[in-house]
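Student: One structure is given below, represented as structure tokens, and several questions about it will come after.
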Amino acid sequence: MSRLFAMIRAIGFVTYKEWAAFRTHMLASLLVGPVLFLVQVFIWQAMFVGKETINGLTFQQMLTYFGVVTLIHYITFDFADWNLQMLVRSGKFVTFALRPLPHWLFALAQKIGHRSLALGVEVLPVMLLFIFLFGVDLMPASPGWAAISILLSFLMNFFINYCVGLTAFWLVRAEGIRRVFLLLKDISAGVFLPLSFFPEVLQKILFFLPFQFITYLPTRVYIGDYELAGVSLTMAEAVGLQAAAVAVTAGLALWLYHLAMKRFTGVGV
């Protein structure tokens, strides 16, 4: 077990150093989050004219919601789906199939290293920008539960994306499916609009989908109040539900990975 952790740490550290050499690529993304947030500010300023609350949220709470959503996006950002599909399509995945460490664990270690660099390059600067420029309150209601929930969000986003990447073992070109899925995932995760704003029927469907555990639930845990489809949960209950969802999704990803390994033939080498 200690050897396994040493391998994961080594892969993460190498990935960290690799991306640190090209950190300007990550710095460019600093424009995306704040610009999108500024658009949200303009939209909700217009929506709140003459109103104190919308769906139980004040204007300041709405800004906090989208500020936290942006930070969680930077922390949990993942491209395991694209990377895996590229490896399979090019035939380079065969080098990973021959290694003793399963590729999904290698990819997770890469993500840990990549996002560790992002904490200083992306997350901290954007957080300071939101606090001092936009006046957003980013103090979590329960720091402990918020940290655990964001960690679980990190894992959930990885395992969902990895499942999407695994479709490359069955499809010749999976890029179209990937793009459509990512759009639906962001909508269903509450990136563009809090899920509590959707019609009640849709809320009930979204409650049972795994995507809310990527963004919506950790954001509401961060704020300190979870409610969806008429269901209100304490922070402990919300994080417990999220942990169970992550466990189920991880199990599904490992099962699909097992099936993919039995199917893989190294085409393209």
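The values are calculated or read from the model by the stated rules, or taken from the named source; none is laboratory data. The shown structure was predicted, so the numbers you read here are calculated from the model rather than taken from an experiment. Backbone-built Cβ (ideal geometry, glycine too); neighbour counts: all protein chains shown. The area values use the complete protein model at the heavy-atom level, side chains included, leaving out ligands, DNA and RNA. Shrake-Rupley method; radii C 1.70, N 1.55, O 1.52, S 1.80 Å.
Student: Would it be correct to say that Val49 is open to solvent by less than 80 Å² (accessible area, probe 1.4 Å) and either farther than 22 Å from Ile214 by Cα or at pLDDT 85 or above (or both)?
Tutor: Answer is no for this residue.
Student: If you don't mind, there's one more thing I want to ask. In the list Leu152, Leu202, Leu228, which residue meets the criterion of being over 22 Å from Ile75 (Cβ atoms) and of a type outside the set (Ser, Thr, Tyr)?
Tutor: Leu202
Student: Can you work out which of the residues in the stretch 72-94 that are assigned to a helix (DSSP H, G or I) and open to solvent by 70 Å² or more (accessible area, probe 1.4 Å) is nearest to Pro218 (Cα to Cα)?
Tutor: His73
Student: Can I ask one more? In the stretch 44-71, how many are among the small types (Gly, Ala, Ser) and not in a helix (DSSP H, G or I)?
Tutor: 2
Student: Test Thr64 against the stated conditions and say whether it is touching an Asp or Glu at 6+ places or on another chain (Cβ under 9 Å) and surrounded by 13 or more Cβ atoms within 10 Å (Cβ to Cβ).
Tutor: So Thr64 fits the description; yes.
Student: At least 2 residues that are closer than 29 Å to Ile43 by Cα and open to solvent by 40 Å² or more (accessible area, probe 1.4 Å) in each: list the helices (runs of 4 or more DSSP H) lying fully within the stretch 99-213 that qualify.
Tutor: In the stretch 99-213, the matching helices (runs of 4 or more DSSP H) lie at 124-132, 175-189, 200-208.
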